[in-house]
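Just so it is clear, none of the values below were taken in a lab; they were calculated from the coordinates. For clarity, every value in this text was computed on a predicted model and none was experimentally measured. For neighbour counting, all protein chains shown are included, and Cβ atoms are generated from backbone atoms with ideal geometry for every residue, glycine included.
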């Protein structure tokens, strides 16, 4: 190990390269194609919240892919509740194929939103996954609804700007 400072260390990899650069970054054109494609498949809670808060038709519908118990615990206001397992039998009845769908589940540790997005895409819906899910919706301080009524927690300073409207990214 090489000492960098009082508490930072790096481990040299093959050829003297650190772990970050052991596999070199992609060429700029390949990186641009990758990140452009990624943005076609994903959005984040802040962008969804801003679009919903702007009023009027945001141009998409938000879909909560979790169980009824999870939905009752808390969900994005105005979201459609359609558990992933029910997408094949209920998507056509609940959703308009002409309107893009933004799916979410619990959070980054859950792939329910990705599975719901896949099931919808296989049925001809245009879809994006909301990164961070309900966990980050709440952690970023956005209002939510529960079985008991509306709720809201203060923004977590580790996940969202405190005292600012946006993170600037």
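The length gained on full extension between residue 167 and residue 146, counted as 0.36 nm times the residue separation minus their Cα-Cα distance, comes to 4.9 nm. Gain on full extension, evaluated as 0.36 nm per residue between residue 29 and residue 99 minus their Cα-Cα distance, stands at 22.1 nm. Dividing the radius of gyration of the alpha carbons in region 44-146 by their Kirkwood radius gives 0.93 for Rg/Rh. Mark the label point 7 Å from the Cα of residue 118 along Cα→Cβ and return the residues of region 128-169 whose backbone N is within less than 19 Å of it. Answer for this model: 128-133. Compared with the dominant Cα axis of the chain, that is its longest principal axis, helix 28-41 is turned about 20°.
For region 44-146, DSSP calls about 10 percent of its internal beta bridges antiparallel. Overall dimensions of region 96-169, expressed as equivalent-ellipsoid semi-axes from the Cα gyration tensor (√(5λ), whole Å, largest first), are 26, 15, 12.
Any idea what the relative contact order of region 44-146 is, in percent, if you count C-alpha pairs under 8 Å spaced at least 6 apart?
On the way: 177 pairs, mean separation 33.9, N = 103.
Relative contact order, region 44-146: 33 percent.
Helices in the chain, meaning DSSP H runs of at least 4 residues, each add -39500 (n - 2.57). Divided by all residues, the mean residue ellipticity at 222 nm is -9500 deg cm²/dmol.
Residues of region 88-125 with an amide N closer than 18 Å to a point placed 7 Å from the Cα of residue 36 along the Cα-to-Cβ direction: none. In nm, what is the difference between 0.36 nm times the number of residues separating residue 86 and residue 53 and their Cα-Cα distance? Answer, rounded to one decimal: 9.0 nm.
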